[in-house]
1. Here are B:Ile63, B:Ile91, B:Ile78, B:Ile67: which of them is out of contact with any strand residue (DSSP E or B) (no Cβ under 8 Å at 6 or more places or on another chain) and either near ligand 2 (Cβ under 6 Å from one of its atoms) or more than 14 Å from chain A (Cβ to nearest Cβ) (or both)?
2. Considering each residue of region A:353-381, count those that are surrounded by fewer than 12 Cβ atoms within 10 Å (Cβ to Cβ) and hydroxyl-bearing (Ser, Thr, Tyr), and give that number.
3. Restricting to region A:82-113, name every residue that is modelled with pLDDT of 95 or more, buried (at least 21 other Cβ atoms within 10 Å of the Cβ) and more than 19 Å from the chain's Cα centre (by Cα).
4. May I ask you to verify whether A:Glu214 is among the charged types (D, E, K, R), under 24 Å from B:Leu243 (Cα atoms) and within 14 Å of chain B (Cβ to nearest Cβ)?
5. Show me the helices (runs of 4 or more DSSP H) found entirely inside region A:247-366 where at least 1 residues are of a type in the set (Gly, Ala, Ser).
6. Out of region A:164-216, which residues are more than 18 Å from A:Ala134 (Cβ to Cβ) and polar (S, T, N, Q)?
7. Going by what's in this entry, would B:Ile178 be described as more than 13 Å from chain A (Cβ to nearest Cβ), part of a strand (DSSP E or B) and not hydroxyl-bearing (Ser, Thr, Tyr)?
Number of protein chains: 2
Amino acid sequence: MSVFKNNSRPQTPTVRDGDQYARVINGLKHIYNSKIKPLETTYNFEGFHSSPLTNSDIEAKPIVLLIGQYSTGKTTFIRYLLDKAYPGEHIGVEPTTDRFVAVMHNSEERVIPGNAAAVNAELPFRGLNKFGQAFLSRFQVSQTNSPVLENMTIIDTPGILAGDKQRTERGYDFTQIIEWFSNRADLIILLFDSHKLDISNEFKLAINSLRGQEEKIRVILNKSDMVSQQQLMRVYGAMMWSLGKVVQTPEVMRVYLGSFWTEKPPNCFEDCRELLEAEQNDLLKDLRELRRNAAIRKINEIVKRARLARVHALIIGHLKKEMPSMFGKNKKQEKLLANLDKEFVKIQHKHHLPAGDFPNPERFRQNLSLYNMDKFKPLKEDIIARVDEALSVDLPRLMSEFPQGNPMLDEQQ
Amino acid sequence: MSVFKNNSRPQTPTVRDGDQYARVINGLKHIYNSKIKPLETTYNFEGFHSSPLTNSDIEAKPIVLLIGQYSTGKTTFIRYLLDKAYPGEHIGVEPTTDRFVAVMHNSEERVIPGNAAAVNAELPFRGLNKFGQAFLSRFQVSQTNSPVLENMTIIDTPGILAGDKQRTERGYDFTQIIEWFSNRADLIILLFDSHKLDISNEFKLAINSLRGQEEKIRVILNKSDMVSQQQLMRVYGAMMWSLGKVVQTPEVMRVYLGSFWTEKPPNCFEDCRELLEAEQNDLLKDLRELRRNAAIRKINEIVKRARLARVHALIIGHLKKEMPSMFGKNKKQEKLLANLDKEFVKIQHKHHLPAGDFPNPERFRQNLSLYNMDKFKPLKEDIIARVDEALSVDLPRLMSEFPQGNPMLDEQQ
Ligand SMILES: Nc1ncnc2c1ncn2[C@@H]1O[C@H](COP(=O)(O)OP(=O)(O)OP(=O)(O)O)[C@@H](O)[C@H]1O
Ligand SMILES: Nc1ncnc2c1ncn2[C@@H]1O[C@H](COP(=O)(O)OP(=O)(O)OP(=O)(O)O)[C@@H](O)[C@H]1O
Ligand SMILES: [Mg+2]
Ligand SMILES: [Mg+2]
């Protein structure tokens, strides 16, 4: 187990990092609950967009999703990261992991079966209920005490099989599950085995289902020390050749050549060791930055949501104001509904808002028709002022805690 | 120039190899001229297929075609192979090679301009006449005394430029020329520069025009020592990713990571030297085997041609025999033309021939209608016997001079 003692294994974040992350998440919860959520609930934001965020939504750790054909070393990779087995872990040459396992932090070891996990409000897996019993009996949460898991939740998955075994014998739609997790993941790691490289059709399907998530994907060409350097180059080239055909984006995916084992296999090659170590360090660095990036992304998402909710409140307040106080309410409501785009323009002018910040009038009208506009709350300056303060002071201050620039915000601008 | 003295440079074939190749080519010329060509000329093979082979067709050396964007090191690669500059060679950082250059063996140095080269019956370039003056003024043959060139002719090409420079300013259709050479080449080498990798649209077009020739293509990722090992992996991966998208075949092209220079650049990296040398040796081995493979392919082509000509002679002889000796010749000719497929079946039964060996009746009829069947020569047993002997005795004996199996024939069966 000596590998974990040298610096090629992930370093747990320093106390400062840990404090910083916790501080940012706490700050975010506070800002959202005190300054943004009141505006959302006052102006029926939920009916037009999405329900208010819960604390566990904001607290949720970055998710790392592992995907690969069977025996590529997914479970071994997790053991390498944790420096120990997670509860209920299986490693072996045959297809071994037979379920989706969310490996999470907890002070004591325990396994929560899928059904129990999916109803637990503390866990971010309630969305899995819709996949029903067949899937939930193939899902579990494994909790263990690990500094690595303080920073991320890792999803171990069953290896992708070829042919009928994959398609019909599972009892649930593997690709749909992969899609669900990949939408929520912060990092998706595709594992390939340089020892036996063949991309089955089923694996291709799984990769295709990641469309739109390409920027989260990293590829590990694992067991790179099980072949000689020249062979490794052939395998690596062949993998990129095939991946280029499967993945539509012209941007090349970042690949890490590596071999993640906890006990060095006796028959491994040493001619690329330096390269592999450099690559592994790059990957571990990526993983260490995950939490920082996830925190930045969370701030960014809350900023977006606050802007959206603010415009929404201005629209609702405007409509309420246009309604007559006594007679002709129905007629006026119909007129407003019919001329929604013109009302939007009025609001834009009054508040100096760009048209691009406004929702699609057609879809807004559909939601709006379910409401009685007279029942809307009038615009309250103090509620708006609180969101303005969150946007102009609190959230930027939180962001400034990341001294090395904030890629997500840069990107957005 | 020390690199040429160590064993990483191409070894000239041993005298035994040279003798064997010359012996095979001489044997082939003899068999073709004495046993196959008489049958072709007696039964108008030329009018239905192609004109008889000349000695220089059979003697023509394997052609190696180099293709790549400008400054990828094509001309430098030739200098590396020859251990000297060819007459009229230019190497430089700007686009330098401004014409197609056929680098060939000759006891004395000389440059033959394109127009003169294309009318020279000794040279295999008469087909280039059809591209006219604009191209021929951008073509030349450079001859020099080199043991390497005793085994192959190398085609240096102008670097592919991006955008208008490539498309309109050349005055001739670059892609068509590439197509012409690639059809005749035994090996097509695509050169990439790991120092600046971007596949221009024009390069993509050139690669697309090689469709159908994929198995001849080898890729060199050149200047691989101008980047560090980790960078090289990125560049190599990116190249395979893009190539996989451009090239339709699922089979991965063979890539050689290498750096072909005659004087080691001062700033190059050494961390992959061993790998690069192993790769270069593999490529040079491929080049050394070119002549052997080309000889095997030539035998194979002559076998194919002889079979085709034999069936052709049987058809012509049969038609002649069906013609009446006195009256009703026109009517009979028309009837034979109309029922050509039935006549084919008769010939198949009589001579125990598979239907697949027969030409397309429709196309055969078109050619046939230009002839007066009465003027055809009757089948002569001795001419057929000679071809039979070539097919059953002479050509197999020639083939057996290659002890290590004959991939081309295996493939055909
Ligand atoms: N880096 C490595 N080098 C050599 N062998 C490895 C490496 N990683 C894993 N293995 C071996 O490969 C086999 C499969 O490992 P593991 O069970 O971790 O793969 P998996 O991807 O989780 O498989 P499954 O999809 O079946 O759950 C085991 O025998 C393991 O010891
Ligand atoms: N292996 C190498 N390592 C470093 N530099 C190289 C290497 N090969 C060639 N070069 C340099 O690259 C430049 C271009 O070389 P060269 O003229 O051979 O390329 P080319 O492909 O023939 O270009 P063009 O298409 O313009 O004819 C020259 O400066 C040459 O010295
Ligand atoms: Mg597993
Ligand atoms: Mg050149």
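The values are calculated or read from the model by the stated rules, or taken from the named source; none is laboratory data. This structure is a prediction, so every number in the text was calculated from the model and none was measured. Cβ placement follows ideal geometry from the backbone for every residue including glycine, while neighbour counts extend to all protein chains displayed.
1. Details: B:Ile63 fails: out of contact with any strand residue (DSSP E or B) (no Cβ under 8 Å at 6 or more places or on another chain); B:Ile78 fails: out of contact with any strand residue (DSSP E or B) (no Cβ under 8 Å at 6 or more places or on another chain); B:Ile67 fails: out of contact with any strand residue (DSSP E or B) (no Cβ under 8 Å at 6 or more places or on another chain).
Sole residue among the options that is out of contact with any strand residue (DSSP E or B) (no Cβ under 8 Å at 6 or more places or on another chain) and either near ligand 2 (Cβ under 6 Å from one of its atoms) or more than 14 Å from chain A (Cβ to nearest Cβ) (or both): B:Ile91.
2. Looking only at that region, the number is 1.
3. Scanning region A:82-113 gives A:Leu82, A:Tyr86.
4. On the way: among the charged types (D, E, K, R): yes; under 24 Å from B:Leu243 (Cα atoms): yes; within 14 Å of chain B (Cβ to nearest Cβ): yes.
So A:Glu214 fits the description; yes.
5. Details: elements: A:273-322, A:329-338, A:340-351.
Correct list: A:273-322, A:329-338.
6. A:Ser182, A:Asn183, A:Ser194, A:Ser200, A:Asn201, A:Asn208, A:Ser209, A:Gln213
7. Working: more than 13 Å from chain A (Cβ to nearest Cβ): yes; part of a strand (DSSP E or B): no; not hydroxyl-bearing (Ser, Thr, Tyr): yes.
No; evaluated as a whole, the condition is false for this residue.
Quick grid of which residues meet (1) under 26 Å from A:Lys264 (Cα atoms); (2) away from chain B (no Cβ under 14 Å):
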| position | (1), (2) |
| --- | --- |
| A:Gln143 | no, yes |
| A:Asp156 | yes, yes |
| A:Thr168 | no, yes |
| A:Ser182 | no, yes |
| A:Phe192 | yes, no |
| A:Ile207 | no, no |
| A:Val219 | yes, no |
| A:Met233 | yes, no |
| A:Met239 | yes, no |
